[in-house]
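Before any comments, here is the structure.
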Ligand SMILES: *Cc1c(COP(=O)(O)O)cnc(C)c1O
């Protein structure tokens, strides 16, 4: 059966007809010579959005993360992140392979840790130990269920790190979801960090790319890494245009995704065999556990046979993500299918 409602991830979106038209008509040039006006425009937009000196357009969010590690850290140094952080699980060992660093994963509810955990994690000056070099925050936290770090909590963890001489990085793959959910501007979220980036291919709905922002010196070094890793492109304006269009037209509408996620969570929570507190759904990601006889992989298969796709993230855990290709009607369709599968 064809997939009617795809809640697998917010990366499944297809560019809209308007976005495609805008991309088609983009002015282009050689981005490596800084001659692509559309790439330059997107970089300026992101630098301004995040309140930094400059920004760099990259093929993916993964490359933003890997480059940030390489610029901030030397081989053998250590980064401190939540144990659910994207680079620990989904970047093919990049921290070890590309940056040559150690990662210390911290515990804490909903993908977040507090300043006391950071304080305890930072290494003393001891030649047996790696040198603590980088503090890493993921906003929103993906495996934390799309949770939004409170600004005060971010300021507190960054403050400890700074006092101990660490650099700080924000993985803002879904930062704009946090912006829309909180009403707090992206600049304010990014201000405590030396580097921060946003992804255009998650809720923003563009087909390719992400952009990282930081100081002039940081971006100059990031350019060297981009070139070395084969991420430097040519007439990249054709894809950067998707990001420009998304920033202009797809930010405010993230609120719809949040309403849809909440509605989905509230509906799921009423089903027997589902364990879910809708109050934990702050943005576009819904995690829930199955408590009945059916496990997550089988449940996901049966949902798929009813035209609804979700992801099994554990033996009993399912993730559903809303985005611009999921309507309110699609949510109701999904709830009908979920009722059949989870309670039938
Ligand atoms: C998706 C994601 C990334 C990686 O971004 P890609 O553009 O898919 O490479 C990094 N961090 C988080 C939190 C993500 O959700």
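The values are calculated or read from the model by the stated rules, or taken from the named source; none is laboratory data. What you see is a predicted model; the values in this text were computed from it and never measured. So basically every Cβ, Gly included, is an ideal-geometry build from the backbone, and we count neighbours across all protein chains shown.
General remarks:
- Test for residue 323: is it touching a residue at least 40 places away in the same chain (Cβ under 8 Å) and out of contact with any strand residue (DSSP E or B) (no Cβ under 9 Å at 6 or more places or on another chain): no
- When segment 31-70 is limited to residues that are within 16 Å of the ligand (Cβ to nearest atom) and outside any helix (DSSP H, G or I), the one that is nearest to residue 244 (Cα to Cα) turns out to be 57.
- Selection count, segment 171-192, where residues are more than 10 Å from the ligand (Cβ to nearest atom) and either within 23 Å of residue 71 (Cβ to Cβ) or touching a residue at least 24 places away in the same chain (Cβ under 8 Å) (or both): 15
- Residue satisfying condition, being surrounded by fewer than 19 Cβ atoms within 10 Å (Cβ to Cβ) and touching a strand residue (DSSP E or B) at 6+ places or on another chain (Cβ under 8 Å), within set 311, 330: 311
- When residues of segment 15-29 are limited to those that are away from the ligand (no atom under 16 Å from the Cβ) and outside any helix (DSSP H, G or I), the one farthest from residue 332 (Cα to Cα): 29
- The set of residues in segment 89-116 that are surrounded by 18 or more Cβ atoms within 10 Å (Cβ to Cβ), closer than 27 Å to residue 282 by Cα and in contact (Cβ under 8 Å) with a residue 40 or more places away in the chain comprises 110, 112, 113.
- Hey, residue 195 within 28 Å of residue 166 (Cα to Cα) and more than 15 Å from the ligand (Cβ to nearest atom) or not: no
- Some residue of segment 329-340 being outside any helix (DSSP H, G or I) and not assigned by TED's automatic domain parsing to the domain that holds residue 148: no
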